[in-house]
Amino acid sequence: MTDETRLKNSLMLELKREFPTSHFWRTSGGPYAAPGVPDILGVIAGYAIGIEAKVNARKYGATPTQRAFGKKMIAAGGCWLLADDTTEVVRLLRYWLATRALRMNESCQGLENAVGGQASRLERDENDAAGNDAERKVDLTEAL
């Protein structure tokens, strides 16, 4: 077994242990594989994760094709990591997920405010059209 295979196996075990509700799988190369696909793909909390495993990653790095694939994943909202240490991968994924949760919370708050403003305006229009001056309250949590 090569050092890189041991690293991939170690990453898979650690990812399954640390993120039990996630789904990870190892990819395989070959003539029909897309160029640059990471060694490990997965989904955590609805986010696509790609992990390129390299022994001594700082020295050898990823190929230009692998980096291009990683940039596409990141641009599409996923996460791509070049990994040579399982502990570091788990730490980085936890940090990445935490930042996504904060952004999602902010996005949901912004959506609630936007929908709330929209709903209030529609109700005012309906009340005006009906000649009814009484304001109706909207519970956005039920609407969403």
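Only the coordinates and a few stated rules stand behind these numbers; no lab work does. No experiment lies behind these values; they were computed from the predicted model shown. Here the Cβ positions follow ideal geometry from the backbone for every residue, glycine too, while neighbour counts run over all protein chains shown.
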Review point. What are the extents of the Cα atoms of the stretch 3-98 along their three principal axes, listed from largest to smallest and rounded to whole Å?
Key: 32, 30, 24
Check your understanding: Can you list the HN-Hα couplings for the stretch 60-74, worked out from phi with the Karplus curve (6.51, -1.76, 1.60; θ = phi - 60°), rounded to whole Hz and with x for Gly and Pro?
Key -> 9, x, 8, 6, x, 5, 5, 5, 5, 5, x, 5, 5, 4, 5
Practice item. Could you pull out every residue, at least 5 positions away or on a different chain, whose amide H is within less than 5 Å of the one on Ala48? Hs are placed 1.01 Å off N in the peptide plane, and Pro or chain starts have none. Key: Cys79
Review point. Can you sort Met73, Met1 so the residue with the fewest Cβ neighbours within 10 Å comes first?
Key: Met1, Met73
Check your understanding: Per-residue HN-Hα couplings for the stretch 31-39, Karplus 6.51 cos²θ - 1.76 cosθ + 1.60 at θ = phi - 60°, whole Hz, x for Gly and Pro?
Key -> x, 9, 7, 5, x, x, 4, x, 5
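What is the extension gain from Lys16 to Thr65, computed as 0.36 nm multiplied by their sequence separation minus the C-alpha to C-alpha distance, in nm to one decimal? List each step's numbers first, then the result.
Working: separation 49, 0.36 × 49 = 17.64 nm, distance 2.73 nm.
Fully extending the segment from Lys16 to Thr65 adds 14.9 nm.
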Review point. Does the stretch 1-57 come out rounded, prolate or oblate by the C-alpha gyration tensor, with a ≥ b ≥ c the root eigenvalues, rounded set by a/c under 1.5 and, if not, prolate when a/b is larger than b/c and oblate if not?
Key: oblate
Practice item. For the stretch 1-44 and the stretch 71-94, compute the distance between their C-alpha centroids and round to whole Å. Key: 12
**Study point:** Ascending count of other beta-carbon atoms within 10 Å, so fewest first, for Trp25, Trp80
**Key:** Trp25, Trp80
Check your understanding: Quick one: Tyr95, Tyr47, fewest Cβ neighbours within 10 Å first, how do they rank?
Key -> Tyr95, Tyr47
